[in-house]
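*Asks:* Please find one structure pasted underneath; my questions will follow.
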Amino acid sequence: MTRLSRGRFITIEGGEGAGKSTNAEVVRSVLERYGFGVLATREPGGTPLAEEIRSVLLGPRDEAVDPMAETMLIFAARAQHVARVIEPALRAGRWVLCERFTDSTFAYQAGGRGVAAEAVAKLAELAHPGLWPDLTLYLDAAPDAAMTRISTRSLDRFERERRDFFDRVREAYAVRARERPQIVRIDANRDLASVQREIVRAVEGFLSVHGKA
Ligand code: T5A
């Protein structure tokens, strides 16, 4: 097995139905082919406590959820996930592949809900000081087409939002992708085979630079 003293942290981002779960498998298989041990996880969630918070966040409810309360619940789950799962794995030299992380909070809570981006940045610094993804694959898909892909599922509290919410989420992702060179935008509107070819290219490009001790 290829072993680095500290593993690398890779995240997959994008809107609903963009293909994160489907393509996480592709990323994992490339990393394993190159000999890296991979821990695959997701947010919100990834530990028993954080999964409980996920259920609270995603379940439908009659009470309107205050955007800052929602943001703090997400960061409570994230702090637990980072402390108990992500950091120990990285320290042990494993690579962590996480579906969604703080870029989701910039997109959904800042972009979608209107929470100040500065507040999200402050909470991020408290919940995961100094930890940011080494590589983020951002699957950019037009909301209408991506929602059609998941239309046969029962929809969670976020997926029931209106179209303009998802437009704001997408715009916030676009801003984030322009600001952070670690974010690689993948056009996820194309057929799955084309998307996956580009993902393999992006991961192999990353490995050629960051896959060595
Ligand atoms: N949230 C989360 C926040 O608001 N703030 C935060 O900080 C965090 C971390 C989590 C929710 O929480 C919110 C955002 C979310 O609403 P989730 O289940 O983790 O929810 O995320 P979702 O985006 O809801 O997950 P989905 O399963 O809906 O989307 P995926 O994983 O992006 O899509 P996937 O891979 O399941 O694919 C969906 C379908 O599309 C097909 C697949 O085969 C599958 O059938 N597909 C394609 N079809 C054609 N062409 C392609 N290119 C395709 N790619 C995939």
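The values are calculated or read from the model by the stated rules, or taken from the named source; none is laboratory data. Since this is a predicted model, take the numbers as computed values, not measurements. Quick reminder, even Gly has a Cβ in these numbers, built from the backbone with ideal geometry, and neighbours come from all protein chains shown. Note: accessible area is taken over every heavy atom of the protein model, side chains too, but ligands, DNA and RNA are not part of it. Shrake-Rupley method; radii C 1.70, N 1.55, O 1.52, S 1.80 Å.
*Asks:* What about GLU87, is it among the charged types (D, E, K, R) and either closer than 18 Å to PHE158 by Cβ or within 12 Å of the ligand (Cβ to nearest atom) (or both)?
*Replies:* no
*Asks:* Got a sec? Which of ASP103, ASP134 is away from the ligand (no atom under 13 Å from the Cβ) and within 16 Å of the chain's Cα centre (by Cα)?
*Replies:* Being away from the ligand (no atom under 13 Å from the Cβ) and within 16 Å of the chain's Cα centre (by Cα) holds for just one of ASP103, ASP134, which is ASP134.
*Asks:* Does the stretch 142-149 contain at least one residue that is more than 22 Å from ILE10 (Cβ to Cβ) and outside any helix (DSSP H, G or I)?
*Replies:* Yes - at least one qualifying residue is present in the stretch 142-149.
*Asks:* Right, another one. What do you reckon, is ARG6 on the phi < 0 side of the Ramachandran plot, more than 11 Å from the ligand (Cβ to nearest atom), in contact (Cβ under 8 Å) with a residue 12 or more places away in the chain and more than 15 Å from the chain's Cα centre (by Cα)?
*Replies:* Taking the combined requirement at face value, the residue satisfies it.
*Asks:* Right, next: Output the residues belonging to the stretch 168-196 that are open to solvent by 60 Å² or more (accessible area, probe 1.4 Å) and more than 11 Å from the ligand (Cβ to nearest atom).
*Replies:* ARG168, ARG170, GLU171, ARG178, GLU179, PRO181, GLN182, ARG185
*Asks:* Which count do you get for residues in the stretch 9-28 that are assigned to a strand (DSSP E or B) and either among the aromatic types (Phe, Trp, Tyr) or more than 7 Å from the ligand (Cβ to nearest atom) (or both)?
*Replies:* Going through the stretch 9-28 one residue at a time, the tally reaches 5.
*Asks:* I need every pair where a residue in the stretch 101-121 that is under 11 Å from THR71 (Cβ atoms) has its Cβ under 7 Å from the Cβ of a residue that is open to solvent by less than 10 Å² (accessible area, probe 1.4 Å) and hydroxyl-bearing (Ser, Thr, Tyr), sequence separation at least 6 or different chains.
*Replies:* Qualifying pairs under 7 Å: THR105/THR71; GLN109/THR71; VAL115/THR71; VAL120/THR71; VAL120/THR105.
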